Amino acid sequence: MDAFITSALLVALAEIGDKTQLLSFVLAARLRKPGAIIAGIFVATVANHALAGSLGVWLASLVAPQWLPWLTGTLFIGFGLWTLHPDSLDDDPKLHQAGAFVTALIAFFIAEMGDKTQFATMALAARFDMLAAVVLGTTLGMMLANVPAVLVGEKLAQRLPMNLIRIAAALVFIATGVVTIAGAPSVAR
């Protein structure tokens, strides 16, 4: 349960103001089909995070167990620092001929590639070695942050204290990294 709750909390906080949340606002404004957009975001997130989590578990199997907490803890601290930098969308998503669902699925899957929440999913899967719990948790976190963005859109973004939320998310990532490192076994032999 720890893996699920930690994953959901970290990703939900990290997603506030993230480029994929900004993409959710844009998709909602342009496509005006919230059900299809939410379904596309869900499928893209499950696919992307299942791949990222699988990669994290595999990479963890290559690292000596005594080094893994040091490595993942350092990554979480790095994610915290990364979270302090506001994201922006590089370009406007193009409407796919297949409709809102496919447009949201493709745009969201691609936008999530190399994103901090994708890397966080890898690190969480490596830390907990519970792929299903981590993928379900990170997917829930993404949906908690992005469904309101689709449903309420730009009005919500204007009312949220984005800087405070970004700082809170950064602190949660950094605290997770510090706690992970603090519980790490000594690597000296």
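Brief remarks follow.
- Residue within the stretch 145-164 that is over 28 Å from Gly35 (Cβ atoms), assigned to a helix (DSSP H, G or I) and modelled with pLDDT of 75 or more present: no
- Enumeration of residues in the stretch 125-144 that are part of a loop (DSSP other than H, G, I, E, B) and either under 12 Å from the mean Cα position of the chain (by Cα) or hydrophobic (A, V, I, L, M, F, W, C) (or both): Met130
- Sole residue being touching a residue at least 12 places away in the same chain (Cβ under 8 Å) and touching a Ser or Thr at 6+ places or on another chain (Cβ under 8 Å), chosen from Thr74, Thr6: Thr6
The values are calculated or read from the model by the stated rules, or taken from the named source; none is laboratory data. Keep in mind the model is a prediction, meaning the values are calculated, not measured. Don't worry about glycine lacking a Cβ; one is built from the backbone with ideal geometry, like all the others, and counts go over all protein chains shown.
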